[in-house]
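A.B. asks: Sharing a structure with you now.
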Amino acid sequence: MDITAILTRLGIQKLNSGTSTGQQWLTTEGKTIDSYSPVNGKLIATVQTSDEAAYETVMKKAEEAFLFWRSVPAPKRGEIVRQFGDALREQKEDLGALVSFEMGKSLQEGLGEVQEMIDICDFAVGLSRQLYGLTMHSERPNHRMYEQWHPMGIVGIISAFNFPVAVWSWNTALAWVCGNVCVWKPSSKTPLCAVACQHVITKVLKANDMPEGISSLLIGNAVGDRINNDKRIPLVSFTGSTRIGRIVSAAVATRFGRSILELGGNNAIIISKDADLNMSIIGAVFGAVGTAGQRCTSTRRLIIHEDIYEEFKNKLVHAYGQLRIGDPLDQHNHVGPLIDKAAADMYVQAIEKGKKEGAKFVVEGGVLNGENYSSGCYVKPCIAEVENHYEIVQEETFAPILYLIKYKTLDQAIAIQNDVPQGLSSAIMTLNLREAEQFLSAAGSDCGIANVNIGTSGAEIGGAFGGEKETGGGRESGSDAWKAYMRRQTNTINYADSLPLAQGIKFDL
Ligand code: UN1
């Protein structure tokens with residue numbers, strides 16, 4: 001794969017030249033971030049961070065752009081998003097390859113991520129004609145009541161490395177059709193994916209004579225704090241760890257801003273004795289090792305019925321024996337690298353902590369060495385038998401470590417599934433209708449996502465995405481998640497020739 005050619009086609013040129021390229025993000029001047037590929041450990045490019053002056057310039061442009069954009073009819077805003085989706089279709093191969101190379105996920109998953117962007121654009125275009133409010137009957141004669149949804153202003157989007165482009169697009173496509181403008185702080189681990197997306201949208205905005213402040217990019221960790229504390233940003237959508245999410249949420253709440261939080265998961269699949277075991281193996285293995293266990297929806301725990309526990313465990317161990325680990329751009333490999341060496345260290349520490357607490361590894365882990373693994377980021381997916389209360393099992397480790405837990409009754413399995421601080425995704429594998437319905441009932445899974453005969457990851461964009469408890473409670477993407485990006489206004493109109501008061505109150509002068 002010729003990464004320089006891909007970057008050039010994406011509008012990112014003259015890498016590492018040491019001189020300004022005319023694109024504000026790519027230079028070795030000022031404070032910079034180096035983007036290394038976890039695929040081969042090599043430097044891809046150096047990106048300039050946004051300093052205070054750049055931040056203020058972006059915010060001024062965003063404020064100005066909002067004054068214009070909020071009055072553009074929503075279906076016209078949808079037309080811009082439609083063109084953005086089309087531009088993404090044209091650049092899908094290159095952008096997917098860049099996602100794969102900079103983040104380390106498989107090429108298929110990189111392309112899948114760009115597909116999610118295209119899909120959310122289509123969804124948002126339709127939505128731009130469906131920002132419906134309700135009408136109500138007034139208790140007063142000759143009065144009309146209804147509600148409208150208005151844009152909020154500048155939306156701050158802080159996204160994570162694991163979905164370097166899709167999660168931004170879920171937020172931004174909805175925010176735009178709702179009439180907001182967006183400032184985006186991507187993960188400092190994947191800045192080039194963000195620069196590439198910014199190029200795509202900038203071209204679309206230019207071609208339509210739209211203000212550039214509709215979509216802005218701000219790079220560097222300091223920007224996150226700035227966004228969280230900036231009163232000019234009424235809504236912050238944050239994707240990342242529960243630890244940082246707690247800080248974001250407190251900072252935004254202190255200034256009475258709104259936040260959408262999509263934080264850690266600790267997702268489990270219950271494998272019933274009535275499950276289709278072959279389907280369950282595929283769901284469990286993809287859930288646990290896909291994206292090298294770095295999705296917030298990754299399967300972390302399998303809660304397996306005691307009658308099939310040994311059989312399922314053996315099948316799983318066998319399946320793990322077939323996994324090919326290596327260059328994610330090679331379609332023969334199943335598992336690519338972790339994002340960086342620090343992530344590999346955290347994986348090693350989690351295994352050690354698990355062992356101290358009593359975890360029994362049935363497939364051992366370890367960091368891989370050798371020519372094909374020179375980045376130091378490739379690790380072996382592993383499996384351990386544990387008890388749910390172990391500290392390490394209660395935490396989210398962003399790596400392919402899968403925990404096995406045994407159960408006797410479905411009530412017990414559901415209790416185990418719910419007995420973690422997080423509440424993002426969950427699943428049951430069963431062909432038994434009663435079990436499936438119990439799992440989905442109010443007394444069942446406490447997660448934002450609950451699936452039957454599907455794994456925990458790979459949600460479609462059409463549903464609302466997010467979770468409960470320490471996952472933060474936010475919802476993004478499909479269904480009516482758009483409402484979080486708008487302010488609701490209740491309007492009462494009096495067309496009578498008198499002024500009757502509500503609740504029958506009399507006030508005669
Ligand atoms: C995330 O890991 O932050 O459901 C998002 C999935 C993907 C999105 C994951 N569609 O696995």
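The values are calculated or read from the model by the stated rules, or taken from the named source; none is laboratory data. None of the values given here were measured: they were computed from a predicted structure. When we count neighbours, we look across all protein chains shown, and the Cβ atoms used for this are built from the backbone with ideal geometry, even at glycine. All accessible areas refer to the heavy atoms of the entire protein, side chains included, with ligands and DNA or RNA removed. Shrake-Rupley method; radii C 1.70, N 1.55, O 1.52, S 1.80 Å.
A.B. asks: Rounded to whole Hz and in sequence order, give me ³J(HN,Hα) for region 362-371 from the Karplus expression 6.51 cos²θ - 1.76 cosθ + 1.60, θ = phi - 60°, writing x for Gly and Pro.
C.D. replies: The phi angles translate into 9, 10, 6, x, x, 7, 8, 10, x, 3 Hz.
A.B. asks: Give me, ordered by chain and number, the residues 5 or more places off L402 or on other chains with an amide H under 5 Å from its own placed amide H.
C.D. replies: Under 5 Å from the amide H of L402: C382, I383, A384.
A.B. asks: Okay, moving on. Mind putting together the pair-distance distribution for region 330-426? All Cα pairs, 5 Å bins, whole percent per bin, short to long.
C.D. replies: Cα pair-distance distribution for region 330-426, in percent: 2, 12, 21, 21, 18, 13, 7, 4, 1, 0.
A.B. asks: Moving on. Would you grab the residues whose amide H sits under 5 Å from the one on W184? Only those 5+ places off in sequence or on another chain, please, with H modelled 1.01 Å from N.
C.D. replies: Placed amide hydrogens put I157, S216, L217, L218 under 5 Å from W184.
A.B. asks: Any idea how far apart K231 and V317 come out in nm if each label point goes 7 Å out from Cα toward Cβ?
C.D. replies: Each label point lies 7 Å from its Cα, and together they span 6.3 nm.
A.B. asks: If you consider only alpha-carbon coordinates, what radius of gyration and Dmax does region 267-461 have, in Å?
C.D. replies: So, for region 267-461, Rg and Dmax equal 16.0, 52 Å respectively.
A.B. asks: With the contact rule set at Cα under 8 Å and sequence spacing of 6 or more, what percent relative contact order holds for region 267-461?
C.D. replies: 30
A.B. asks: Further question on the same structure: Tell me, what is the percent relative contact order of region 299-364, built from C-alpha pairs under 8 Å that lie six or more residues apart?
C.D. replies: So the answer I get is 20 percent.
A.B. asks: What is the distance, in nm, between label points placed 7 Å from the Cα along the Cα-to-Cβ direction at R144 and at F507?
C.D. replies: 2.5
A.B. asks: While we're on this one: Would you calculate a helix-derived [θ] at 222 nm for the chain, using -39,500 (n - 2.57) for each DSSP H run of n ≥ 4 and dividing by the full residue count, to the nearest 500?
C.D. replies: Computed mean residue ellipticity for the chain: -11500 deg cm²/dmol.
A.B. asks: Pick out the long, greasy-scoring helices in the chain: whole DSSP H runs spanning 27 Å or more along their own axis by Cα, mean Kyte-Doolittle at least -1.0.
C.D. replies: 107-127
A.B. asks: Suppose a student asked you for the relative contact order of the chain, using Cα pairs under 8 Å spaced at least 6 residues apart; what percent would you report?
C.D. replies: 17
A.B. asks: Grab the Cα-Cα distance for K356 and E79, subtract it from 0.36 nm times how many residues apart they are, and report the gain in nm with one decimal.
C.D. replies: Full-extension gain reported as 94.0 nm.
A.B. asks: Right, something else. Just the number: Rg to Rh for the chain, Cα atoms, Kirkwood Rh, two decimals.
C.D. replies: Here Rg/Rh amounts to 1.01.
A.B. asks: Amide H to amide H, which residues 5 or more places from T32 or on other chains are under 5 Å from it, using H placed in the peptide plane?
C.D. replies: T49
A.B. asks: Just to confirm my numbers, what's the Cα centroid distance between region 440-465 and region 240-306 in Å?
C.D. replies: With region 440-465 and region 240-306 each reduced to a Cα centre, they are spaced 11 Å.
A.B. asks: Follow-up question, since we're still on this one. Give the lysines whose C-alpha is closer than 28 Å to that of K315, dropping any in the same chain fewer than 8 places away, or say none.
C.D. replies: Within reach: K105, K273, K353, K355, K356, K360, K380, K406, K408.
A.B. asks: If packing is taken as the average number of other Cβ atoms within 10 Å across a peptide's residues, how do 420-431, 82-93 rank, most packed first?
C.D. replies: For the peptides 420-431, 82-93, the packing ranking is 420-431, 82-93.
A.B. asks: Taking all protein chains in place and a 1.4 Å probe, what share, in percent, of the accessible surface of the chain do carbon and sulfur account for?
C.D. replies: 51
A.B. asks: I want to make sure I understand the PRE zone here: with the label point 7 angstrom from the Cα of F68 toward its beta carbon, which residues in region 178-217 have backbone N atoms less than 15 Å away?
C.D. replies: Backbone N within reach: 180-182, 202-216.
A.B. asks: Right, next: What are the ³J(HN,Hα) couplings of region 145-158, residue after residue, when phi is run through the Karplus curve with 6.51, -1.76, 1.60 and θ = phi - 60°? Round to Hz, x for glycine and proline.
C.D. replies: So the J values, rounded to whole Hz, are 10, 7, 10, 10, 10, 10, x, 8, x, 8, 9, x, 10, 10.
A.B. asks: Might you tell me the accessible area per residue for region 267-461, computed with a 1.4 Å probe and given in Å²?
C.D. replies: 42
A.B. asks: Cα to Cα, under 17 Å, and not fewer than 8 places away if on the same chain: which aspartates and glutamates meet these conditions relative to K483?
C.D. replies: E147, E262
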